[in-house]
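Asks: Sharing a structure below in structure tokens format, with a few things to ask.
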Amino acid sequence: MTRNKNSSKIGWNLEHSYLQLPGAFYTRLNPTPVSEPTLVLFNRPLALSLGLNPERLEGEEGAAIFSGNRLPEGAQPLAQAYAGHQFGHFTILGDGRAHVLGEQITAQGERFDIQFKGSGQTPYSRRGDGRAALGPMLREYIISEAMHGLGIPTTRGLAVVDTGEPVFRETTLPGAILTRVATSHLRVGTFEFAARTRPADELRSLADYTIQRHYPELETRENPYLGLLQEVGKKQAHLIAQWQLVGFIHGVMNTDNMALSGETMDYGPCAFMDTYNQNTVFSSIDDQGRYAYDNQPNMGAWNLARFAETLLPLLHPEQSQAEILAQDALIDYIILIQRSWLDGMSAKLGLFNVESGDGYLIDELLKIMQQHGADFTNTFLALTFDETAYNLTMSDTKEYQQWWEKWQARRARQKQSITDSQKLMRENNPAVIPRNHQVEAALEAAEKEQDFNPLHRLLAVLEKPYAHTPEQTEYATPPEATGRQYRTYCGT
Ligand code: AMP
Ligand code: MG
């Protein structure tokens, strides 16, 4: 007897631990239905890992579900309340265009928020329409999957639906909803909302909930709230160091976009850099360079300081003591991110440990790269493989050749073989990143011609950036120099 595919279960297993929080932290409400949804992207491997059945979700049923037109079994949608410092200024925010449907519990007992982005207005929409455009939702899907492929903690894309409805920005654009999966959407801004607008017991409830959800090992600590600050700092240090190591620029590291889980979240005006320049800014609204490439570690510290401030009443009954504990945690973050970056850069250069003088060796290389406008990703590929294949314009310069000699001498001093060193480099230098010109080309084909093939090809290549296979070569080519600065936009 053949089994009717529709008789098999979709596999929803939704819980709602967020509803344990005091009522001010969320508003329960359903997504706003859309007129004519089509499923344009679906992440089969992610669905399987969540215990969901792709056979049921890939077609029309998926379109109905991932548009919000038909709620998944057991869903209890809510929009979250939060605040945040946006470019340094405090604002009350909240999910203005997002709904969390619930927390999917996997067979392994892991818990993941299933969230729609672009699913209609909420009490936190302010003047926004609650909607999202197709291009930016596809872009978030591509870049977050690329991050996942690179092994960097991130929220992920489960599906993108074209809503069949227009959204009105500078021009009229097709509307879309992204289904986003995250270990949670708790952010620094959630704590800022609690600390500034809610009574002390509600802040404590939020801290207890965050510990229970992300850092349960802290529950038995003498001072679990200090532990929370330290662990969030550790995760953030590691995360931002990893961004730096692949040339990723988040672009809008406001406190409402810093997840307490340590996952990269909210892919707005983000991008990977081609040409190395430590001052690179992509976001059209970041005219001060607040979130420039080289300033990201500092902004992580700034955001962590805002988080620490919210925790002060929980850290110690005496304010002055609480401040000392908070400052120590911030210093730990600064030490950790430097360490993490140095370890990562050493591995990119095939060095198994860090010796004094290595920091200098790395800085010197970066300076030469900046001076000659070298491609960030391909410089490290050239060092890993055959230099001549990567067209490094700086190869012939005296400063580069002198640096190269020093690097060779340093490499020869370690006991591991050159073969092992090369292997380390292959594992730490990606063959491909989602280059802006390729992302744009894939988006254009999808948006203008409904041709999703380039996008699927790009996604396939980005799945295994450390594979170093021949098919990746096409995607390793930097764009032709145009003299124009690549720009990305918020408000999407
Ligand atoms: P973001 O820059 O995406 O982190 O968004 C900042 C804030 O603006 C969040 O509270 C969003 O929910 C809200 N927001 C962004 N776009 C819209 C929109 N089209 N409608 C309503 N709220 C929005
Ligand atoms: Mg945000």
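Asks: Is there a residue in segment 478-488 that is within 16 Å of ligand 2 (Cβ to nearest atom), touching a residue at least 24 places away in the same chain (Cβ under 8 Å) and either not hydrophobic (A, V, I, L, M, F, W, C) or not in a helix (DSSP H, G or I) (or both)? Give the steps one after another, and end with the answer.
Replies: First pass over segment 478-488, keeping only residues within 16 Å of ligand 2 (Cβ to nearest atom): 488.
Okay, now just the ones that are also touching a residue at least 24 places away in the same chain (Cβ under 8 Å), so 488.
Narrowing the set further to residues that are either not hydrophobic (A, V, I, L, M, F, W, C) or not in a helix (DSSP H, G or I) (or both) leaves 488.
For segment 478-488, residues within 16 Å of ligand 2 (Cβ to nearest atom), touching a residue at least 24 places away in the same chain (Cβ under 8 Å) and either not hydrophobic (A, V, I, L, M, F, W, C) or not in a helix (DSSP H, G or I) (or both): present.
Asks: Report, by residue number, each residue of segment 73-110 that is away from ligand 1 (no atom under 12 Å from the Cβ), surrounded by fewer than 19 Cβ atoms within 10 Å (Cβ to Cβ) and assigned to a loop (DSSP other than H, G, I, E, B).
Replies: 73, 74, 76, 88, 106, 107, 108, 109, 110
Asks: Looking at this structure, is residue 294 within 16 Å of ligand 1 (Cβ to nearest atom) and either modelled with pLDDT of 95 or more or assigned to a helix (DSSP H, G or I) (or both)?
Replies: On the way: within 16 Å of ligand 1 (Cβ to nearest atom): no; either modelled with pLDDT of 95 or more or assigned to a helix (DSSP H, G or I) (or both): yes.
For residue 294, the condition - within 16 Å of ligand 1 (Cβ to nearest atom) and either modelled with pLDDT of 95 or more or assigned to a helix (DSSP H, G or I) (or both) - is not met.
Asks: Now for a different question. Considering only residues that are polar (S, T, N, Q) and in a loop (DSSP other than H, G, I, E, B), look in segment 117-149 and name the one that is surrounded by the most Cβ atoms within 10 Å (Cβ to Cβ).
Replies: Going through segment 117-149, the residues polar (S, T, N, Q) turn out to be 119, 121-122, 125, 144.
Of the ones still in play, those that are also in a loop (DSSP other than H, G, I, E, B) are 121-122, 125.
Values: 121: 17, 122: 25, 125: 16.
Only one residue tops the list, namely 122.
Asks: For residues that are more than 16 Å from ligand 2 (Cβ to nearest atom) and open to solvent by less than 20 Å² (accessible area, probe 1.4 Å), scanning just segment 275-288, find the one that is modelled with the lowest pLDDT. Spell out how you get there, then give the answer.
Replies: Filtering segment 275-288 down to residues more than 16 Å from ligand 2 (Cβ to nearest atom) leaves 275-282, 284, 287-288.
Retained after the next criterion (residues that are open to solvent by less than 20 Å² (accessible area, probe 1.4 Å)): 276, 280, 282.
Details: 276: 97, 280: 95, 282: 90.
If we take residues in segment 275-288 being more than 16 Å from ligand 2 (Cβ to nearest atom) and open to solvent by less than 20 Å² (accessible area, probe 1.4 Å), then 282 is modelled with the lowest pLDDT.
Asks: If you don't mind, another one. Of everything in segment 122-165, what is of a type in the set (S, T, N, Q) and either within 16 Å of ligand 2 (Cβ to nearest atom) or under 23 Å from residue 235 (Cβ atoms) (or both)? Give them in sequence order.
Replies: Looking only at segment 122-165, we keep the residues that are of a type in the set (S, T, N, Q), and these are 122, 125, 144, 154-155, 163.
Answer for segment 122-165, where residues must be of a type in the set (S, T, N, Q) and either within 16 Å of ligand 2 (Cβ to nearest atom) or under 23 Å from residue 235 (Cβ atoms) (or both): 122, 125, 144, 154, 155.
Asks: Ok, one more. Is it true that some residue in segment 61-75 is within 16 Å of ligand 2 (Cβ to nearest atom) and assigned by TED's automatic domain parsing to the domain that holds residue 161?
Replies: As a first pass, look at segment 61-75 and keep what is within 16 Å of ligand 2 (Cβ to nearest atom): none.
The answer is no, given that none of the residues of segment 61-75 is within 16 Å of ligand 2 (Cβ to nearest atom) and assigned by TED's automatic domain parsing to the domain that holds residue 161.
Asks: Quick one: is residue 152 more than 24 Å from residue 64 (Cβ to Cβ), open to solvent by less than 20 Å² (accessible area, probe 1.4 Å), more than 8 Å from ligand 1 (Cβ to nearest atom) and in a loop (DSSP other than H, G, I, E, B)?
Replies: Values: more than 24 Å from residue 64 (Cβ to Cβ): yes; open to solvent by less than 20 Å² (accessible area, probe 1.4 Å): yes; more than 8 Å from ligand 1 (Cβ to nearest atom): yes; in a loop (DSSP other than H, G, I, E, B): yes.
For residue 152, the condition - more than 24 Å from residue 64 (Cβ to Cβ), open to solvent by less than 20 Å² (accessible area, probe 1.4 Å), more than 8 Å from ligand 1 (Cβ to nearest atom) and in a loop (DSSP other than H, G, I, E, B) - is met.
Asks: Consider residue 381 carefully, then state whether it is aliphatic (A, V, I, L, M), over 25 Å from residue 353 (Cα atoms) and not in a loop (DSSP other than H, G, I, E, B). Before you say what the answer is, go through the steps one by one.
Replies: Working: aliphatic (A, V, I, L, M): yes; over 25 Å from residue 353 (Cα atoms): no; not in a loop (DSSP other than H, G, I, E, B): yes.
Spelling it out, it is not the case that residue 381 is aliphatic (A, V, I, L, M), over 25 Å from residue 353 (Cα atoms) and not in a loop (DSSP other than H, G, I, E, B).
Asks: On the given criteria, is residue 350 at pLDDT 95 or above, in contact with a helix residue (DSSP H, G or I) (Cβ under 8 Å, 6 or more places away or on another chain), assigned to a loop (DSSP other than H, G, I, E, B) and over 30 Å from residue 203 (Cβ atoms)? If you could, list the steps in order and put the result at the bottom.
Replies: On the way: at pLDDT 95 or above: yes; in contact with a helix residue (DSSP H, G or I) (Cβ under 8 Å, 6 or more places away or on another chain): yes; assigned to a loop (DSSP other than H, G, I, E, B): yes; over 30 Å from residue 203 (Cβ atoms): yes.
Yes, satisfied.
Asks: While we're here: Could we say that residue 140 is of a type in the set (Asp, Glu) and either within 16 Å of ligand 1 (Cβ to nearest atom) or farther than 30 Å from residue 245 by Cβ (or both) here? Give the steps one after another, and end with the answer.
Replies: Values: of a type in the set (Asp, Glu): yes; either within 16 Å of ligand 1 (Cβ to nearest atom) or farther than 30 Å from residue 245 by Cβ (or both): yes.
Spelling it out, residue 140 is indeed of a type in the set (Asp, Glu) and either within 16 Å of ligand 1 (Cβ to nearest atom) or farther than 30 Å from residue 245 by Cβ (or both).
Asks: Which members of segment 371-389 meet the condition of being free of Cβ contacts under 8 Å to residues at least 24 places away in the same chain and either open to solvent by less than 60 Å² (accessible area, probe 1.4 Å) or on the phi > 0 side of the Ramachandran plot (or both)?
Replies: Matches in segment 371-389: 382, 387.
The values are calculated or read from the model by the stated rules, or taken from the named source; none is laboratory data. In this text the structure is predicted, and so the values were computed from the model without any measurement. Heads up, the Cβs are rebuilt from the backbone with ideal geometry, glycines too, and the neighbour counts pull from every protein chain shown. Accessible surface areas use protein heavy atoms only, side chains included; no ligands, DNA or RNA. Shrake-Rupley method; radii C 1.70, N 1.55, O 1.52, S 1.80 Å.
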